[in-house]
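So the structure is just underneath, and the comments pick up after that.
Bear in mind these aren't lab numbers, they're just calculated from the coordinates by the rules spelled out. As the structure is a computational prediction, the values presented were derived from the model and not from experiment. A quick note on method: Cβ atoms are made from the backbone with ideal geometry, for glycine too, and the neighbour counts reach across all protein chains shown.
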């Protein structure tokens, strides 16, 4: 098949809130270049998905509960998917399911020699935050998939880790590299913080299966991978051979749902919302929650990392991730709400990078209100939907340049950021999607892919290491974990 002359035929597996916000609009926008031939969802969401897709002309397939699986594709489902590949001449698959099924679908797509765009993380497991063998398996999953992919030279396998495509992180990486070339100094510390203000009511913690806690995983498996990936992505170009790390250690502490329920207890909720209104939607007692939430996943996770060379610490990192933080929710029930960008969610993110005595880089992105595409005043101001500023401080007598420089996302993204933009993170996702399309069109080589799967081992290793630390803390054991780097 001559990809340069043929239209690209895509199979989209998963049509939840993320796919609805990101992939379906992109597939529609670039329909002159991409055919989405079939969308796979789950049977219980059939009515909702069909309503959402009414303007998109493509086939659909809904997996029945009896055919649902996590470890291996059900034979009936696999046969159906094989049929779609043949019927629609599929050459690319986008996997946007819950992460519990990522490995299963990725192995199937690799077996069919299909190029893959996979949502993060590579994998997770029910009870991964309480069972060490499952935490360890996250790295094994990556290695197993990488081994298969290495031998599939004609396809591309990319991870939707959009910060790699983001102009602010590209700029930070370039600043780090420039300083390193002048000084031979690596990044000596990096502090990363992310909070998406997802205030969930106690009953929702038990019942919500989108970005859940009730399945034994949480924040680290939701948006956490972005940060487990972007930290090594930024710091890796700053090491000379004699300073490159050969070991990583992690120490993590977490807040779980029962801790959260102690921070704001049922009496507090009754006072905040009124006893009658709150109890109308609250299904369980304190005793019930104590039994139900015992093994639930992490709400917040704060981690200290050491990147070491021959037992000497070269880089210190902290990755602090929170669901529980500043939000704009003031309602008791989330029924009918958009759980991805709605329901009071507000994003705040910072990164502070020190490169010895030579340079400091600060990344600040603060929202104060929910995403609202109909209001575009003050979008780039602090608290605005598109706010993002970089502050760069330099030891100018040593490395030159300006002592202080402020860079706005508008300066970095002039060609894309406009009144029609859906936000700088969404624009970065679009770049990742278009790279995938360009490969299928024959316009981009595999070695030029920004987020090729084979470059993601450190992100998976850090994810696994952090979960092993979280598990040890849960069992009251030494929570400091280390792993040697091959």
Problem set entry | Theoretical ellipticity at 222 nm over the chain - DSSP helices of four or more residues, -39500 (n - 2.57) apiece, nearest 500 | -10500 deg cm²/dmol
For this session: At 7 Å along the Cα-to-beta-carbon direction for both residue 107 and residue 153, put a label point, then send me their distance in nm to one decimal.
Result: 2.6
Problem set entry | DSSP beta bridge pairing in the chain, given as percent antiparallel to the nearest 5 | 60
Problem set entry | Relative contact order %, the stretch 8-119, counting alpha carbon pairs below 8 Å whose residues are six or more apart | 32
Seminar exercise, completed: Here, residue 140 and residue 311, labelled 7 Å along Cα→Cβ, have an inter-label distance in nm of 3.1
Exercise. Quick one: 411, 452, fewest Cβ neighbours within 10 Å first, how do they rank?
Worked result: 411, 452
Problem set entry | Segment residue 272-residue 382, extension gain: residue separation times 0.36 nm, minus the distance between their alpha carbons | 36.8 nm
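Averaging sequence separations of C-alpha pairs under 8 Å and six or more residues apart, then dividing by the length of the chain, give the relative contact order as a whole percent.
Once normalised by length, the contact order is 20 percent.
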Exercise. Ordered by packing density, taken as the mean number of other Cβ atoms within 10 Å over each peptide's residues, highest first, how do 21-30, 113-122, 305-314 rank?
Worked result: 113-122, 21-30, 305-314
Problem set entry | Segment residue 47-residue 210, extension gain: residue separation times 0.36 nm, minus the distance between their alpha carbons | 56.9 nm
For this session: On a C-alpha basis, how far is the centre of the stretch 127-193 from the centre of the stretch 254-318 in Å? Whole number, if you could?
Result: 27
Problem set entry | Peptides 174-180, 459-465 ordered by average Cβ neighbours within 10 Å, highest first | 459-465, 174-180
For this session: Quote the FRET efficiency, to the nearest 0.05, computed for residue 241 versus residue 477 with a Förster distance R0 of 45 Å and r equal to the Cβ-Cβ distance.
Result: 0.80
For this session: Using only the Cα atoms of the stretch 198-306, construct the convex hull and provide its projected area averaged over every direction, in square nanometres to one decimal.
Result: 8.3
Problem set entry | Label-point gap, in nm, between residue 86 and residue 362 - each point 7 angstrom along Cα→Cβ | 6.2
Exercise. So between residue 292 and residue 69, what do we pick up on full extension, going 0.36 nm a residue minus the alpha carbon distance?
Worked result: 77.9 nm
Exercise. FRET efficiency for residue 338 and residue 189, Cβ-Cβ distance as r, R0 = 60 Å, nearest 0.05?
Worked result: 0.95
Problem set entry | By average C-beta atoms within 10 angstrom, highest first, the peptides 282-293, 433-444 | 433-444, 282-293
Seminar exercise, completed: Among the stretch 143-173, those whose backbone N falls under 19 Å of a label point 7 Å along Cα→Cβ from residue 486 are 143-152
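Within the P(r) computed for the stretch 384-486, what percentage of the Cα pairs occupies the region above 15 Å?
78
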